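The numbers here are math on the coordinates, done by the rules we state, and not lab data. Values in this document were obtained by computation on a predicted structure and should not be read as measured data. All Cβ positions, even for glycine, are placed from backbone atoms using ideal geometry, and neighbour counts span all protein chains on display.
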Amino acid sequence: MSRPTTPRDLLIAAFASAAFASGYADAQLGSTIISDHDASHAAVMQHTQNGQLSYHESTDTNGITVRQYVNSSGEVYAVSWHGPAIPDVQALLGAHYARYQNGALASQVSNGLHASRVSQDDLVVESSVRLRQFVGRAWLTSALPAGVATSDIE
C-alpha cells in the first residue's frame, strides 16, 4: 500500500480509515435515529424557527460535535461535524461508507490541498481541515425534505 503524499491524500486517507473513532453516532445516514444515548456525550434535539429543519446534536468527549439532520419520520438524511479530530465517518455514513470510500479513492479533482468533495449517485460528502479543525458534512440528495437546501446543512 502506498503512503499518502499530499495534504489532500492525507485527508482522504484519514477519512477512509476513520482513524479517530468516537463511537457516538446515534443513527447512520439513511437510518432512523434512536433516543438512547450513552454517557460519553451530551445530546439534544434542535428545531429551527421555520420548522423545516430538525437535527440531533451531540458532542463527544474528544470535542467533536455531530449533527444528524432528521426528517419528520426520524430518518437521518444528512450529517455534519466539526472538531479537533475526525469523527468515525464509517459509523456516520453506515451503508453509504463504501460508496464514499470508493469515490474518495477514485477522485481526481482537487478542491484544494485541505478539502475534498465526493459525489457518488445521491451521496455527497464534503470535508476540510484548517488549523487542526476538521469540518465536514454528508447528505443524500434524494432524501432531502422539501424546502431544505444543502446550504442548510452546517
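Which whole-Hz couplings ³J(HN,Hα) result when phi for each residue of region 132-146 is put into the Karplus expression 6.51 cos²θ - 1.76 cosθ + 1.60, θ = phi - 60°, listed in order with x for Gly and Pro?
Result, ordered by residue: 6, 10, 8, 9, x, 7, 9, 8, 9, 4, 6, 9, 4, x, 4 Hz.
I want to check the label-to-label distance for ALA95 and THR150. Put each point 7 Å from Cα in the C-beta direction and report it in nm to one decimal.
Spacing of the two 7 Å Cα→Cβ label points: 2.3 nm.
Arrange SER119, SER127 by Cβ neighbour counts within 10 Å, fewest through most, would you?
Starting with the residue having the fewest Cβ neighbours, the order is SER119, SER127.
For a quick check: with amide H placed at 1.01 Å from N, whose amide H comes under 5 Å from ILE64's, ignoring anything fewer than 5 positions away on the same chain?
Placed amide hydrogens put nothing under 5 Å from ILE64.
So for region 110-154, considering every pair of alpha-carbon atoms, how many percent are separated by more than 13 Å?
59
Pull out the extension gain between THR141 and THR32, defined as 0.36 nm times the separation in residues minus the alpha carbon to alpha carbon distance; nm, one decimal.
37.6 nm
Which value, to two decimals, describes the C-alpha radius of gyration of region 74-154 once divided by 2.2 N^0.38 Å?
1.07
Please list, in chain and number order, the residues 5+ apart from ILE86 or on another chain whose amide H is under 5 Å from its amide H, with Hs placed from the backbone.
PHE20
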